[in-house]
1. What do you reckon, is Lys224 more than 22 Å from the chain's Cα centre (by Cα) and in a loop (DSSP other than H, G, I, E, B)?
2. Out of the stretch 184-242, which residues are open to solvent by 60 Å² or more (accessible area, probe 1.4 Å) and of a type in the set (A, V, I, L, M, F, W, C)?
3. In the stretch 158-183, how many are open to solvent by 80 Å² or more (accessible area, probe 1.4 Å), within 18 Å of Tyr228 (Cβ to Cβ) and not in a helix (DSSP H, G or I)?
4. Just give me the residues in the stretch 1-45 being assigned to a loop (DSSP other than H, G, I, E, B), surrounded by 13 or more Cβ atoms within 10 Å (Cβ to Cβ) and without any contact (Cβ under 8 Å) to a residue 12 or more places away in the chain, in sequence order.
5. Test each condition in (1) farther than 30 Å from Leu41 by Cα; (2) outside any helix (DSSP H, G or I) for Gln186 and report the one that comes out false.
6. On the given criteria, is Lys68 within 27 Å of Lys119 (Cβ to Cβ), part of a helix (DSSP H, G or I) and either touching a helix residue (DSSP H, G or I) at 6+ places or on another chain (Cβ under 9 Å) or among the charged types (D, E, K, R) (or both)?
7. Residues that are open to solvent by 60 Å² or more (accessible area, probe 1.4 Å) and more than 16 Å from the chain's Cα centre (by Cα): does the stretch 46-53 have at least one?
Amino acid sequence: MRAWHVPDTDENRIRFRLTRIVDTVPNAEGIAQIERFKQWLRSKRYSESTINTYTEALKSFLVFYRKKTIAEITNEDVVIYNNEYILKNNLSSSYQNQIVNALKLFFRTILDSKIEIDKIHRPKRSKILPNVLSKEEIKAMLGVLTNRKHKTMLSLIYACGLRRSELLALTFESIQSDRKLLVIKQSKGKKDRIVPISDSIISMLRDYYKEYLPEKWLFEGQQKQTPYSDRSLEEVLKKVLD
């Protein structure tokens with residue numbers, strides 16, 4: 001690989017001005033509490049994606065305060081973390097909001113705490129108009145695709161306003177062609193929703209089915225009865241957006 005390899009030790013990290021290993025993980029209490037928090041989230045039926053987001057956010061906060069016990073952490077410490085970590089590292093307000101969500105949930109599970117949950121403030125939302133694509137721009141983007149599966153997937157995303165996870169979870173039962181409806185089960189917040197689909201989309205789905213003959217999921221990967229991967233879909237989106 002045309003590179004030198006050295007042992008990952010504290011001495012070498014100091015030598016090359018890297019963060020020490022001990023400074024990248026919470027203390028023993030923090031590690032235990034993160035695992036406890038993860039179990040609490042699972043018991044509340046949060047999705048694995050949300051659990052990972054919240055526990056990673058909490059880990060970041062507890063790494064910053066690894067020299068404190070959780071019982072000693074105050075609201076002022078949250079303000080210091082925002083200034084000395086989030087703002088100092090130019091992290092986004094959406095990331096800061098994730099931290100707030102994680103901390104509010106976490107400290108509700110902690111009995112011995114100085115934190116006043118209601119006083120944990122959120123970052124002020126920026127008011128930016130969304131970058132909405134015109135029909136012509138969407139047609140031009142989809143026009144670069146020659147693969148029928150890719151074109152059908154992205155057409156559904158744009159025509160029905162689907163999230164990637166919603167698209168990949170679709171099955172044949174999701175499509176009610178006679179009623180021109182798409183039924184999305186257990187969407188964000190574990191809620192079902194229904195969106196209309198046009199005749200052109202229904203026709204596109206029929207042509208797609210004749211060519212690919214999926215067996216379980218509407219969009220399957222290289223192996224039958226396995227859903228198309230989120231990473232592969234991301235690559236398709238990148239190709240179009242580039």
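1. Working: more than 22 Å from the chain's Cα centre (by Cα): yes; in a loop (DSSP other than H, G, I, E, B): yes.
The answer is yes for Lys224.
2. Residues satisfying the conditions are Ile194, Leu213, Leu241.
3. 1
4. If the condition is that a residue be assigned to a loop (DSSP other than H, G, I, E, B), surrounded by 13 or more Cβ atoms within 10 Å (Cβ to Cβ) and without any contact (Cβ under 8 Å) to a residue 12 or more places away in the chain, then Leu18 is the only one that fits.
5. For Gln186, the exception is condition (1).
6. Against the criterion (within 27 Å of Lys119 (Cβ to Cβ), part of a helix (DSSP H, G or I) and either touching a helix residue (DSSP H, G or I) at 6+ places or on another chain (Cβ under 9 Å) or among the charged types (D, E, K, R) (or both)), Lys68 does not qualify.
7. First, the residues of the stretch 46-53 that are open to solvent by 60 Å² or more (accessible area, probe 1.4 Å): 46, 48-49, 52.
After this cut, where a residue has to be more than 16 Å from the chain's Cα centre (by Cα) as well, the list is none.
Within the stretch 46-53, none of the residues are open to solvent by 60 Å² or more (accessible area, probe 1.4 Å) and more than 16 Å from the chain's Cα centre (by Cα).
Yes/no per residue for (1) modelled with pLDDT under 85; (2) open to solvent by less than 90 Å² (accessible area, probe 1.4 Å); (3) within 26 Å of the chain's Cα centre (by Cα):
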{"site": "Lys124", "(1), (2), (3)": "yes, no, yes"}
{"site": "Lys127", "(1), (2), (3)": "yes, no, yes"}
{"site": "Pro130", "(1), (2), (3)": "yes, no, yes"}
{"site": "Ala140", "(1), (2), (3)": "yes, yes, no"}
{"site": "Asn147", "(1), (2), (3)": "no, yes, no"}
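The values are calculated or read from the model by the stated rules, or taken from the named source; none is laboratory data. It should be emphasised that the depicted structure is a prediction, and the values quoted were computed from it without experimental measurement. Here Cβ is always computed from backbone atoms with ideal geometry, including for glycine, and neighbour counts include all displayed protein chains. The accessibility values were calculated without ligands, DNA or RNA, using every heavy atom of the protein model including side chains. Shrake-Rupley method; radii C 1.70, N 1.55, O 1.52, S 1.80 Å.
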